[in-house]
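Engineer: Can you read through this structure? Questions will come right after.
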Amino acid sequence: MQFMNIRSGALAVAMLGLAAPAAAQQAFCGGAGNGGQWIGGDESSSDIATAGSYMEQMALVLGGNEYVSLFTLSQGADVRMEAAGRGAGDTIIDILDSNGSIVASDDDSGGNAASRAESYLEAGTYCMALRSYDGGPMTAFVRVGLQEHEALTEGVMESTGGGGNAGGCETATPMGGLGSIVTGSVTDNPNWSFTLDAPAQVSITAENESADPVITLYGANDMYIAENDDYDGLNSRIDVTDTLDAGTYCIAMAALSDEYAPITVTLSEYDAEAALLSLYDRGEAAPPLDGSVPVTDLGVLESRVRQDVQATDDVTWFTVDVQDNSLLVIEAIAGGNSDPWLVVYDDLGREVGQNDDYGDGLDSLVMARVQSGTYIIGVRQFDNTAGLIRLLAERYVRAQ
């Protein structure tokens, strides 16, 4: 296949797996799992709830893309989902339900740059999306199993030292109830406890990127509820959307970088609207095109358009319209000390691609063959600074 005027070597994006791809005509995980690989080889063999042992794949991630493993649960179960890169590979995983909603995410909770998420999941079909932290090529192992199955990773609580643990909840430091804000290092405060006077949905944040905090929420009798690492940069957040009963709960703390650095922990009532806006700000979901989120329309993309962006760590959104089947190339070019991050969605909110640090520099690039339609482009600074980013959108058509 040839394209007119395309730069040599730019079309080099691939994902490879060792299992059969999911049927193309089915939409798995809201479309995010289309082209994914069944963890057990096929759908009938990928039921984790009835598996006698864990299931594992080797994944090759190239060009900033994702590798997606699919699995099913015939009944609710406590599931462990892990990824470990080979060599210097630094993995990030997102767990999506059948609708494409993210139910768990993790960066380093497996220890030593490996990812690990543990959660009770209801019966259904799930996708584990794996990507490289720096957008570079990576080979990794992915594993899904029940809690009683052998783990792939050692886990952050074992690897960090000095972190909180479920058994320390009996001696945890009280932090009050909803609205509480406390600060302390992992060394001084490895566990915090709070009390709910009435049933509630809650949000818990742990902030200090110098510490790189990890938080785990436990209920009565040390019952595991949720865990998070790197929700917003290196800060962590747990949103509990299932209503918790009145009672006492424990937050176990760990620090991947500096266990002596103070971490600010905030307990608040879960705000669904604010959580959704936060997803848009981080680029983890496409905004609606109804005016509720600012989106700049760049019009019909005939061949080439550029736009300068005074970017922050919140995503700035744009749209372009493509009228014919094309090769769409989007670049975010660093200006000065900028470090751009880029994501592209179609008008239904399905991710077309995302990238950070394409090639040897800090520029980002997403390239995909697309059909006619509207495409949503998000760009932001990778870190917490502000800076100039030049956004470039180009369209190439098949050579005649």
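The values are calculated or read from the model by the stated rules, or taken from the named source; none is laboratory data. Values in this document were obtained by computation on a predicted structure and should not be read as measured data. Positions of Cβ are generated from backbone atoms using ideal geometry, with glycine treated the same way; all protein chains shown enter the neighbour counts.
Engineer: Out of the residues in segment 288-308 meeting the condition of being over 10 Å from ALA393 (Cα atoms) and of a type in the set (Val, Ile, Thr), tell me which one is surrounded by the fewest Cβ atoms within 10 Å (Cβ to Cβ).
Structural biologist: Applying the filter and picking the extreme gives VAL300.
Engineer: One residue is enough: does segment 296-303 have a residue meeting the conditions touching a residue at least 60 places away in the same chain (Cβ under 8 Å), under 29 Å from VAL329 (Cβ atoms), among the aliphatic types (A, V, I, L, M) and not assigned by TED's automatic domain parsing to the domain that holds ILE95?
Structural biologist: yes
Engineer: In segment 253-287, how many are buried (at least 19 other Cβ atoms within 10 Å of the Cβ) and part of a strand (DSSP E or B)?
Structural biologist: 6
Engineer: I'd like the full set of residues that are in contact with a strand residue (DSSP E or B) (Cβ under 6 Å, 6 or more places away or on another chain) and farther than 25 Å from GLY30 by Cβ, limited to segment 93-117.
Structural biologist: ASP108, GLY110, ALA114, listed by residue number.
Engineer: For segment 31-64, name all the residues that are buried (at least 23 other Cβ atoms within 10 Å of the Cβ), of a type in the set (S, T, N, Q) and within 30 Å of GLY359 (Cα to Cα).
Structural biologist: Once the filter is applied, which keeps residues that are buried (at least 23 other Cβ atoms within 10 Å of the Cβ), of a type in the set (S, T, N, Q) and within 30 Å of GLY359 (Cα to Cα), segment 31-64 yields only GLN37.
Engineer: Out of VAL370, VAL366, report the one residue that is under 19 Å from the mean Cα position of the chain (by Cα) and either outside the structural domain of VAL68 (by TED's automatic domain parsing) or more than 20 Å from ASP314 (Cα to Cα) (or both).
Structural biologist: Just one listed residue meets the conditions, VAL366.
Engineer: On to the next question. Within segment 237-252, does at least one residue satisfy the condition of being crowded, with 17+ Cβ neighbours inside 10 Å and farther than 25 Å from ASP197 by Cα?
Structural biologist: No, because not a single residue in segment 237-252 is crowded, with 17+ Cβ neighbours inside 10 Å and farther than 25 Å from ASP197 by Cα.
Engineer: So, restricting to strands (runs of 3 or more DSSP E) that lie completely within segment 319-366, which ones have at least 1 residues that are in contact with a Ser or Thr (Cβ under 7 Å, 6 or more places away or on another chain), of a type in the set (Gly, Ala, Ser) and surrounded by 20 or more Cβ atoms within 10 Å (Cβ to Cβ)?
Structural biologist: By residue number, 326-334.
Engineer: Output the number of the condition that ASP297 fails; it satisfies all remaining conditions of (1) part of a strand (DSSP E or B); (2) at pLDDT below 90; (3) charged (D, E, K, R).
Structural biologist: (2)
Engineer: Within the group ILE376, ILE333, which residue is closer than 23 Å to ALA129 by Cα and modelled with pLDDT of 90 or more?
Structural biologist: Checking each option against the conditions leaves just ILE376.
Engineer: Further question: Confirm whether SER372 is surrounded by 20 or more Cβ atoms within 10 Å (Cβ to Cβ) and either closer than 24 Å to SER278 by Cα or touching a residue at least 40 places away in the same chain (Cβ under 8 Å) (or both).
Structural biologist: No: the conditions fail for SER372.
Engineer: Follow-up question, since we're still on this one. Of the residues that make up segment 345-352, is at least one closer than 19 Å to TYR396 by Cα and of a type in the set (Val, Ile, Thr)?
Structural biologist: yes
Engineer: Answer yes if at least one residue in segment 376-397 is surrounded by fewer than 22 Cβ atoms within 10 Å (Cβ to Cβ), assigned to a strand (DSSP E or B) and among the polar types (S, T, N, Q), and no otherwise.
Structural biologist: Checked against the condition, which is being surrounded by fewer than 22 Cβ atoms within 10 Å (Cβ to Cβ), assigned to a strand (DSSP E or B) and among the polar types (S, T, N, Q), segment 376-397 yields no hits at all.
Engineer: Looking at the structure I just gave you, is MET58 in a strand (DSSP E or B), in the same structural domain as GLY124 (by TED's automatic domain parsing), farther than 27 Å from TYR231 by Cβ and modelled with pLDDT of 85 or more?
Structural biologist: Against the criterion (in a strand (DSSP E or B), in the same structural domain as GLY124 (by TED's automatic domain parsing), farther than 27 Å from TYR231 by Cβ and modelled with pLDDT of 85 or more), MET58 qualifies.
Engineer: In addition: Condition first: surrounded by fewer than 22 Cβ atoms within 10 Å (Cβ to Cβ), part of a strand (DSSP E or B) and either in the same structural domain as ALA113 (by TED's automatic domain parsing) or among the charged types (D, E, K, R) (or both). Now tell me which residues in segment 191-231 satisfy that.
Structural biologist: GLU207
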